[in-house]
Every structure is written in structure tokens, then in C-alpha cells.
Amino acid sequence: MKNKLRVLRAEYRFSQADLADKLGVSRQTINAIENDKYDPSLSLAFKISHLFGKPVEEIFENGEGDR
Amino acid sequence: MNTEPDDLNKTTHWPYASLFFLGYFGKNSPGGKALFYRTMIGALLCALGLILSPVVENPLFVIPVLTLIPTSVLIIMWAYKEYLAQLDELSRMIQYESFAFSYGIAMAIGITIYAAGFTFNTVFPAAFILFAEGVRGLALTRIAKKY
């Protein structure tokens, strides 16, 4: 699943550690999401959506062939 | 909030040494210290049970000594349950995947060793435990590397 997390993080000038702290996850989790290695849970996706004030579907894009 | 998102393209690393040798994300992970001390208590009780069970002959003490071993396992199980509840979702998933992988390998090897015992009239449970622990460490590091 593609996402715009890195772009949004840059816009808000958050480091990965800042974002991880705000979301209550590890920095490795943020890194894995940004690199499309891990799809976040629904709960985490909503937390991200709430933090950046954007709908989930604007941040995460379900590409063809994704799980 | 930082003024410079200096880690924009940085990659992160997992605590591979802890994953391999300890079988979890280390003492610095959330709940890591508690897991360490709880599993140590469990391991000590297990060792005590293993040391005392062959030497205790008084029936009054046999049952309490024998309960030390399952009690130690229950303590370790509870310690991991508490630890998993404190991990973040990706770390928890990695830990679960490694448990599943190790369980499969342990079952395969355990049954093989059990069957081999019929032919060779001996089994090496200590070697099996060491092997299972090694597999768990290896599985954790390999799975963590995927992320």
C-alpha cells in the first residue's frame, strides 16, 4: 500500500522520532510504513489521519495487487 | 517538533544483538526490563526444579519441587504476554511471526528427536532447548530485517 507519510512529515517538519512519539509507536514502524514495507493497522492509520487532518484515503492509497 | 526533519531518508535498525541473543527487543524496549527480570525469575525456578527433582526423595517434597518447572514456564508465558501488550504494533507482529516460525521448527525437530529416540534409545532435551532458542533468535533477526 502506497502512502504519503514521508511527504506529510516533511511538510510538518517532523522527524521520524517526533512522529513516532506523537503516534505512540517505534521509529522503526514509521520507517517501515514510509518505505511501504508495512501496512499500519486501521487504528494507527486513523491516528495518522487525525494528526495530519486529512482523510485516510488521502494519505494511504490501495494499489493494484495489494493485500 | 524539530525545525529540520533531518532523518527524512534515514533508515532505521532493529536491536539485532538483543533479538538474536535475548529473543526480544532488549531491555530498552517498552516493558523490556520487566520481561528480563520476570524471565530470569522463571529460569531460576526452572533450574531449581531441574536440580532438585533428581535428589529429592521425600514424597512430601517431590510434588512441590516438580511444580517448580511448570510454574516457571507459566511465569515466562505471563511475562511475554505482558511484554507483547506493551510493544508497538510492528514490533509485536515481528515477535508473533518469530514465535510462529520457531513453534513450527521446534515441533518438527521435537518430533524428529522423539522418533529418533526409539532407534538410538536416547534423546538430548538440553540440545533441543538450545536449538529452539537459537532458531527463535535467528527467526527474530531475519523477520525484523524485512522491515
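What follows draws every value from the coordinates through simple rules; no lab data is involved. It should be emphasised that the depicted structure is a prediction, and the values quoted were computed from it without experimental measurement. FYI the Cβ positions are ideal-geometry reconstructions off the backbone, even for glycines, and counts take in every protein chain you see.
Here are the numbers:
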| item | result |
| --- | --- |
| B:Ala144 being more than 19 Å from B:Pro30 (Cα to Cα) and aliphatic (A, V, I, L, M) | no |
| Region B:129-147 - residue that is part of a helix (DSSP H, G or I) and touching a Leu at 6+ places or on another chain (Cβ under 7 Å) and, of those, surrounded by the most Cβ atoms within 10 Å (Cβ to Cβ) | B:Leu140 |
| Selection within region B:56-102 - of a type outside the set (S, T, N, Q), crowded, with 19+ Cβ neighbours inside 10 Å and farther than 21 Å from B:Cys46 by Cβ | B:Leu87, B:Asp88, B:Leu90, B:Ile94 |
| Members of region A:1-43 found to be outside any helix (DSSP H, G or I), surrounded by fewer than 22 Cβ atoms within 10 Å (Cβ to Cβ) and facing chain B (nearest Cβ under 9 Å), listed by number | A:Tyr12, A:Arg13, A:Ser15, A:Gly24, A:Asn35, A:Lys37, A:Tyr38, A:Ser41 |
| Test: residue in region A:44-56 that is under 24 Å from B:Ala144 (Cα atoms) and within 10 Å of chain B (Cβ to nearest Cβ) | yes |
| Residue tally, condition under 8 Å from B:Tyr83 (Cβ atoms) and more than 11 Å from the chain's Cα centre (by Cα), over region B:31-43 | 3 |
